[in-house]
């Protein structure tokens, strides 16, 4: 670098007055600015089919943009971030993926090998909207790992970068508007669980630690290679780890296991990303996404520098108002009890009146449901929820 300030969103932060409105609002949340208008978005939806069947949503046509339609209908902000992909999400970034195959017909159910190599029991003809049963996972030992799986995570496979130029051109354009550049990464626990299964993984930690470490070394090599290519073009604002490490009573593995099997690889990746940043002075936000009761892992993740967590599932015991008081420096997203949205307008009003004013005064909060809006939520109740949100947050 020549030391000059370019203010282009890549070499230096774009001046606030040049940012698009959605970028300004989202960056206010990242900066934990008290009393700032909330950035308005949603986690996702499982209710569209019902709403469309009842005549509430427009149907698809050639020029129809679902995302834009939903933003306008519910008063959401334009996107304030741009997501860099290539590192998996709920499934590892295999290349090639496993071929999806029906392995067994069980009447009302069928056993399917999915794209992640897992044997999954589904309702016949229905793959979404419920939690399937995972019968088998692709990594059973060192041999199955090396023969069937590890080579699918080769960072040197040129096909991984086939659309790199197109993706990075879009990323540069978004960075020049001030948008948050977010690198999406399948977190280490989610990755290991997808390879071995929730229960078997616990045994592997004890019985075959060298296998777990080899899997994580491969995770790091791929994550490091992909982020390095992206960082040739843009500065990353947010390293997003899709972790899902908690269940309804707390974490699925112990803090000791986290520190031994996850943290060394996270620490190395974070250090490498910071070292490669085009804008060396840019703060790198570390975000962890986990369902379940996440409070017990907040302090553990803060050891890594994690400063942003989501989505704070209320049914498991998360209360964003209390967590916000206990951790005033934590950026938070989620925490709106999706179940309340199915309980009518009075219940919605009481709930929002408790949560939103307190969290707006605090700052650093993005209100969304604590998971996808369920099918039980009626359109009119959800629309009431959105109108009340806009009244309380704008």
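Every number in this text was worked out from the coordinates using simple rules, so none of it is lab data. Quick caveat, the model's predicted, so the values are computed rather than measured. Virtual Cβ from ideal backbone geometry, glycine too; neighbours counted across all protein chains shown.
The table below lists the values:
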{"item": "Extension gain from residue 325 to residue 33, taking 0.36 nm per residue of separation minus the Cα-Cα distance", "result": "103.6 nm"}
{"item": "For the chain, alpha-carbon Rg over 2.2 N^0.38 Å", "result": "1.01"}
{"item": "Fluctuation leader among 50, 106, 32 - the chain, Gaussian network, Cα springs under 10 angstrom", "result": "106"}
{"item": "Residue among 172, 111, 199 with the largest mean-square fluctuation in a Gaussian network model of the chain, springs linking Cα atoms under 10 Å", "result": "199"}
{"item": "Theoretical gain in end-to-end length, residue 299 to residue 66 [0.36 nm per residue, Cα-Cα removed]", "result": "80.0 nm"}
{"item": "Paramagnetic label zone (point 7 Å from Cα along Cα-to-C-beta, residue 17; backbone N under 20 Å) in the stretch 162-196", "result": "176-179"}
{"item": "Helix-derived mean residue ellipticity, 222 nm - over the chain, DSSP H n ≥ 4, -39500 (n - 2.57), to 500", "result": "-11000 deg cm²/dmol"}
{"item": "Prolate/oblate/rounded label for the stretch 147-201 (Cα gyration tensor, a/c 1.5)", "result": "oblate"}
{"item": "Whole-number percent relative contact order across the chain, with pairs defined as alpha carbons under 8 Å at least 6 apart", "result": "21 percent"}
{"item": "Rounded if a/c under 1.5, otherwise prolate or oblate - the stretch 35-118, Cα gyration tensor axes", "result": "oblate"}
{"item": "Projected-area average for the stretch 177-318 over all orientations - Cα convex hull basis, square nanometres", "result": "8.7 nm²"}
{"item": "Antiparallel content of DSSP bridges confined to the chain, in %, to 5", "result": "40 percent"}
